[in-house]
């Protein structure tokens, strides 16, 4: 009886219209539920569960919210029986691709004209970190983005940005101006004294190389804070 039940729940024995891959081929990706799309990534189920059943368990880890799911680690996924390292890596890679696709729309802007032009990109890129990261956007003379890079990763309450690393990268990227940015996992957007001090320090060092610090943006899920908009720079 046990073997019969296992066979009956196998995706291979479902009606063709109910199989995720076949459903995608005939109806398109938009017709699939989140669990069905995730089941395709998983490729197969476990001994006692179909890929769709495993996918539903994974979604529950993120409270059935893809944004929350994106905050989970590889170890979180492997807590589910039947989800090993390989499947966890596939899930994490897919979530990262989705994040980058959404974030890249901000970078298609030919010229950065305001803090809002780049804040949306930074919010999407940095929002899933549960610790502080310090990043820099490198721009050319026409204010077009040459490069974006996370410079350092810190703890829950802070990170350290080395001006030498930032300026070395700016010279490598032929940047004439830069935007400093970091996240506040706590949600509080107000800059700390340390945030203000590092901004002044990097701005002073950059001036020796004719590189302008045009803004320092702090982002969280609540919004963003611009040093330039607030008149601090």
Subject >> Subset of the range 120-150 that is farther than 19 Å from residue 96 by Cβ and touching a helix residue (DSSP H, G or I) at 6+ places or on another chain (Cβ under 8 Å) - its residue that is modelled with the lowest pLDDT >> reply: 145
**OP:** Check the range 163-185 and report whether any residue there is loosely packed, with under 14 Cβ neighbours inside 10 Å, within 22 Å of residue 127 (Cα to Cα) and out of contact with any helix residue (DSSP H, G or I) (no Cβ under 9 Å at 6 or more places or on another chain).
**Re:** no
Subject >> Residue that is modelled with the lowest pLDDT [pool: residues in the range 19-28 that are loosely packed, with under 12 Cβ neighbours inside 10 Å and in contact with a helix residue (DSSP H, G or I) (Cβ under 9 Å, 6 or more places away or on another chain)] >> reply: 27
**OP:** Go through the residues of the range 211-231 one by one and say whether even a single one is touching a strand residue (DSSP E or B) at 6+ places or on another chain (Cβ under 7 Å) and exposed (fewer than 13 other Cβ atoms within 10 Å of the Cβ).
**Re:** no
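The values are calculated or read from the model by the stated rules, or taken from the named source; none is laboratory data. Predicted model only: the values in this text are computed from it and were never measured. Heads up, the Cβs are rebuilt from the backbone with ideal geometry, glycines too, and the neighbour counts pull from every protein chain shown.
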